[in-house]
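Engineer: Following this message is one structure expressed as structure tokens.
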Amino acid sequence: MRLLLIALFLGVSPAAAQQCTFGQAGGGQVTFVQASSTGAGGAVTATLAGATNKVTSICGFVVTSGGGATAATLPVTVSGIGTTMTFEYVDPSTGQGVMGVALPTCIPASAANTSIVVTKPAGGTGTASAVSAWGCQQ
């Protein structure tokens, strides 16, 4: 009952709110998935791979980068879901940039066996970056 009230409060359907709920009766086997990637000078992605006859959901992600030669504001995207989501990220010229997004409800892929990809585009010259994502498959 509490989960239903939270789902109604957040404006989502109870089915969506149950994504990634471990031990949920009748929901099938839930498997935790995660991905992480690093790079310098180019785009960096973390891919939650699709699986046959399963729906992958993303529950959150983190983007980090170390200072490069120039600062830049970049669009971090989450694709493979019903509508691509875009978040603005600032690559700093000094220090470390961090963006952490914990979604209030895990968002399912647009179809079964579809990967979800979090992408941070190339930043300033010499910028080292990392992207990590987590979710589940059911």
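The values are calculated or read from the model by the stated rules, or taken from the named source; none is laboratory data. These numbers come from a predicted model, not from an experiment. Don't worry about glycine lacking a Cβ; one is built from the backbone with ideal geometry, like all the others, and counts go over all protein chains shown.
Engineer: Between residues in the stretch 69-84 that are exposed (fewer than 13 other Cβ atoms within 10 Å of the Cβ) and residues that are small (G, A, S), which pairs lie under 8 Å by C-beta distance while being six or more apart or on different chains?
Structural biologist: Hits for this filter: A69/S93; A69/G124; A69/G126; G82/S110.
Engineer: Give just the number: which of (1) free of Cβ contacts under 8 Å to residues at least 60 places away in the same chain; (2) in a strand (DSSP E or B); (3) surrounded by 14 or more Cβ atoms within 10 Å (Cβ to Cβ) does S57 not satisfy?
Structural biologist: If we test S57 against (1) free of Cβ contacts under 8 Å to residues at least 60 places away in the same chain; (2) in a strand (DSSP E or B); (3) surrounded by 14 or more Cβ atoms within 10 Å (Cβ to Cβ), just (1) comes out false.
Engineer: Restricting to the stretch 65-82, give me the number of residues that are modelled with pLDDT under 95 and assigned to a strand (DSSP E or B).
Structural biologist: Keep residues of the stretch 65-82 that are modelled with pLDDT under 95, which gives 65-74.
This time we only want the ones that are assigned to a strand (DSSP E or B), so: 65-66, 72-74.
Summing the residues that are modelled with pLDDT under 95 and assigned to a strand (DSSP E or B) in the stretch 65-82 gives 5.
Rundown of residues vs (1) touching a Phe, Trp or Tyr at 6+ places or on another chain (Cβ under 6 Å); (2) assigned to a strand (DSSP E or B); (3) at pLDDT below 90, yes/no style:
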{"position": "G97", "(1), (2), (3)": "no, yes, no"}
{"position": "V101", "(1), (2), (3)": "yes, yes, no"}
{"position": "P108", "(1), (2), (3)": "no, yes, no"}
{"position": "N113", "(1), (2), (3)": "no, no, no"}
{"position": "V118", "(1), (2), (3)": "yes, yes, no"}
{"position": "G126", "(1), (2), (3)": "no, no, yes"}
{"position": "S129", "(1), (2), (3)": "no, yes, no"}
{"position": "G135", "(1), (2), (3)": "no, yes, no"}
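Engineer: Looking only at residues in the stretch 23-52 that are at pLDDT 85 or above and outside any strand (DSSP E or B), which one is nearest to the chain's Cα centre (by Cα)?
Structural biologist: A49
Engineer: Might you check whether a residue that is part of a strand (DSSP E or B), within 17 Å of V44 (Cβ to Cβ), without any contact (Cβ under 8 Å) to a residue 12 or more places away in the chain and within 16 Å of the chain's Cα centre (by Cα) occurs anywhere in the stretch 86-93?
Structural biologist: Within the stretch 86-93 (the criterion being part of a strand (DSSP E or B), within 17 Å of V44 (Cβ to Cβ), without any contact (Cβ under 8 Å) to a residue 12 or more places away in the chain and within 16 Å of the chain's Cα centre (by Cα)), the answer is yes, since at least one residue qualifies.
Engineer: Of all residues in the stretch 114-137, how many are surrounded by fewer than 22 Cβ atoms within 10 Å (Cβ to Cβ) and either out of contact with any Leu (no Cβ under 6 Å at 6 or more places or on another chain) or of a type in the set (A, V, I, L, M) (or both)?
Structural biologist: Result for the stretch 114-137: 12.
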